[in-house]
Amino acid sequence: IQIRSDKDKEIHIRYSITGVGADQPPMEVFSIDPVSGRMYVTRPMDREERASYHLRAHAVDMNGNKVENPIDLYIYVIDMNDNRPEFINQVYNGSVDEGSKPGTYVMTVTANDADDSTTANGMVRYRIVTQTPQSPSQNMFTINSETGDIVTVAAGLDREKVQQYIVIVQATDMEGNLNYGLSNTATAIITVTDVNDNPPEFTTSTYSGEVPENRVEVVVANLTVMDRDQPHSPNWNAVYRIISGDPSGHFTIRTDPVTNEGMVTVVKAVDYEMNRAFMLTVMVSNQAPLASGIQMSFQSTAGVTISVMDVNEAPYFPTNHKLIRLEEGVPTGTVLTTFSAVDPDRFMQQAVRYSKLSDPANWLNINATNGQITTAAVLDRESDYIKNNVYEATFLAADNGIPPASGTGTLQIYLIDINDNAPELLPKEAQICEKPNLNVINITAADADIDPNVGPFVFELPSVPSAVRKNWTITRLNGDYAQLSLRIMYLEAGVYDVPIIVTDSGNPPLYNTSVIKVKVCPCDENGDCTTIGAVAAAGLGTGAIIAILICIIILLTMVLLFVVWMKRREKERHTKQLLIDPEDDVRDNILKYDEEGGGEEDQDYDLSQLQQPETMDHVLNKAPGVRRVDERPIGAEPQYPVRPVIPHPGDIGDFINEGLRAADNDPTAPPYDSLLVFDYEGSGSTAGSVSSLNSSSSGDQDYDYLNDWGPRFKKLADMYGGGEED
């Protein structure tokens, strides 16, 4: 385009443009000659990128002054067919039911063209290029050229024959003109969905099986069917029903979820003696109803023959638990009842034997042949084996079948109470004041029987001995209680046995004479026994007194014997003569010395030379009969006396004398208390002279202090304390 101002003849004008495509992005798409006003396109245009531009043209003089008002320029890009149609998806998935009528909608495919849709460049048309497989017809589907809707065009869709179709769809612009338009293709996958157009059919018309009687949850027979519909779908899953032949509901048919087979199962035990065989009529169908116009096949019904096998059944007791009523105390051997069992195996000739299974008190016997029950002991209602007046025993009935079978039955015996227990007085002990009118004793009775063989009770005192009625009296309170009190004004404190006759109300009544120990004691003003009175009333019987006296005598005898033994021991200790002088006897004293050694002067000498000579020649060459003191002679050793384990005081002196004699005659004993014979050292002895010990017998030592040490050191004081005179 060229723009021009009508004032360009008067002055020189400069032209310019602004806006998107000029001085705004995208920049410099358009340019203008500032002198001539001609506008140019600087590069190729793309309508799909931008279809129009809005610019403003300006006219100014050489000084930049506005000469004209800006003018709007609208530039439109003309479309060209430079874009192919593009499908939204390359693969489309759709489905259609088998057996659908022509014209049934299947799916829609869509393609878009970027060119101008108002022109032929952007007008897309659709068509089906190919169909795979071409069965039963090569044109099973058609497509709307403008909308892309795919519909069926022919009948005969059968999933059991063709489950899926692949259709290639082409989209072309230029209104479908294949010569000028641009094209593109996509794939449409059409799945033929299953409908229940095939009823299930049994593979055979009859089935058979067998089942043992009295068994449940046993699979008798497997029913196989064939269904051409899609497996594991409601159109394929089989449902079985028993139409006839099982009025009692012994059987049911369950479907195997994997194989679709029908499993005839026993849910209620069958009895061979009642039914030896069953003839069932069964029918099969699907979970989903059949499609419209499809009829059930006659092969959807079959017959099932089931044989029942006879097995050895256990005998049973028709009445279990059986209850009988009788009075307690019936004699041994009494026939109570016949507790017989029934063997359900009517077609087997078998014998039934009876035995006891549980009889806690061992009161009953049962006849092994006919089940007659008799008593083996007297039945006692008050026994611990009775619960709520009922005794329960269990019996076993076993047949001789192969293998043998047995059943149990429980017999309950309700024992009717009879008056076989006399009442017992309560309490057994009581106390009362020695003077009447202060307190009384409330008495009652306990009876192991039950009503009407219990109270009301009658309490009375016996006539013999006469002192009972003289001293005591009974006052009736009610049917179960009475009061025992003193009749006389005073009764000496003590314990009294008071007999009382208690009679129950049974028919015939029973009575019992019970004794109550009554402690009579002095009481305080409140009617309570005082402490002194309680002790006085307790008293002791003759037997208790005799026992106490015997214990005292035994204790005194033991003390006397102990004193005699101690006296004898003391006498033996004083009469036994000591083996040494009493003045020298230091056995009973502990002597304490200040030092162990002989003094500090002894510590500087080496005595090892005396004990360990360097040479042994002089020992080997010495004359017979002469020995050193540090040599152990070879020879028989004497036997020392053995000290008794528990020595008698008189044996101590003998023991010491025997030990002394043995030590004197023992050549191997250390030389502490016997004469020592020393060997000659010889001229070459390595040991120093004994005289080097510097022992001196000079009397410069004062031993007079020994006289101050007591009588035990008197001999030493006499020997050394005398000075020169000694």
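The values are calculated or read from the model by the stated rules, or taken from the named source; none is laboratory data. The structure presented is a predicted model; accordingly, all values stated were derived computationally and were not measured. Quick reminder, even Gly has a Cβ in these numbers, built from the backbone with ideal geometry, and neighbours come from all protein chains shown. Heavy atoms of the whole protein, side chains included, go into the accessibility calculation; ligands, DNA and RNA do not. Shrake-Rupley method; radii C 1.70, N 1.55, O 1.52, S 1.80 Å.
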The stretch 201-309: relative contact order in percent, alpha carbon pairs under 8 Å with at least 6 residues between:
39 percent
Using unit Cβ charges (K, R positive; D, E negative) and no other charged atoms, how large, in debye to the nearest 20, is the dipole of the stretch 424-521 about its Cα centre?
520 debye
Run through the stretch 78-154 and list the GluC sites (Glu not before Pro) located in a DSSP loop whose Cβ has at most 15 other Cβ atoms within 10 Å.
E146
Within 10 Å, Cβ to Cβ, of L182, how many net charges do the neighbouring residues add up to if Lys/Arg are +1 and Asp/Glu are -1?
-3
Lysines whose Cα lies under 25 Å from that of K9, excluding same-chain neighbours fewer than 8 positions away
K66
Tell me, what is the 1.4 Å probe accessible area of L556, in Å² to the nearest 10?
120 Å²
Which chymotrypsin sites (Phe, Trp or Tyr not before Pro) from the stretch 288-377 combine a DSSP loop assignment with at most 11 other Cβ atoms within 10 Å?
F347
Leaving out ligands, DNA and RNA but keeping every protein chain, what accessible area does C521 have, in Å² rounded to the nearest 10, with a 1.4 Å probe?
0 Å²
Exposure rank, largest accessible area first [K66, K268; 1.4 Å]:
K66, K268
Show Y272, Y92 ordered by accessible area, largest first, where the area counts protein heavy atoms only and the probe is 1.4 Å.
Y272, Y92
Please list 167-178, 34-45 highest first by mean number of surrounding beta-carbon atoms within 10 Å per residue.
167-178, 34-45
So for the stretch 322-416, taking the charge dipole from beta-carbon charges (+1 Lys/Arg, -1 Asp/Glu), which of Y385, P403, I366 sits furthest toward the positive end?
P403
Pull up the cross-link candidates among the lysines for K428, meaning alpha carbon to alpha carbon under 23 Å and not fewer than 8 places away within one chain.
K470, K517, K519
What number, in percent, do you get for the relative contact order of the stretch 13-76 if the mean sequence gap of Cα pairs under 8 Å and at least 6 apart is divided by its residue count?
33 percent
If I model a spin label at K268 and S466 as a point 7 Å from the Cα along the Cα→Cβ vector, what separation in nanometres do I get?
8.9 nm
Within the stretch 248-343, report the GluC sites (Glu not before Pro) that DSSP leaves as loop and that have at most 15 other Cβ atoms within 10 Å.
E273
Rg to Rh ratio, the stretch 322-416, alpha-carbon atoms and Kirkwood radius?
1.03
Count charges around I450 for me, please; just the other residues with Cβ under 10 Å from its Cβ, Lys/Arg as +1, Asp/Glu as -1.
-4
Within the stretch 270-310, which residues have the backbone N less than 14 Å from the label spot 7 Å out from V239 along Cα→beta-carbon, could you tell me?
283-291
Can you compute the modelled spin-label distance between T206 and M558, with each label point 7 Å from Cα toward Cβ, in nm?
10.7 nm
Projected area averaged over orientations for the stretch 86-193, convex hull of C-alpha atoms, nm²
6.2 nm²
Expressed in nanometres to one decimal, the distance between label points 7 Å along Cα→Cβ at N177 and S31 is 3.7 nm
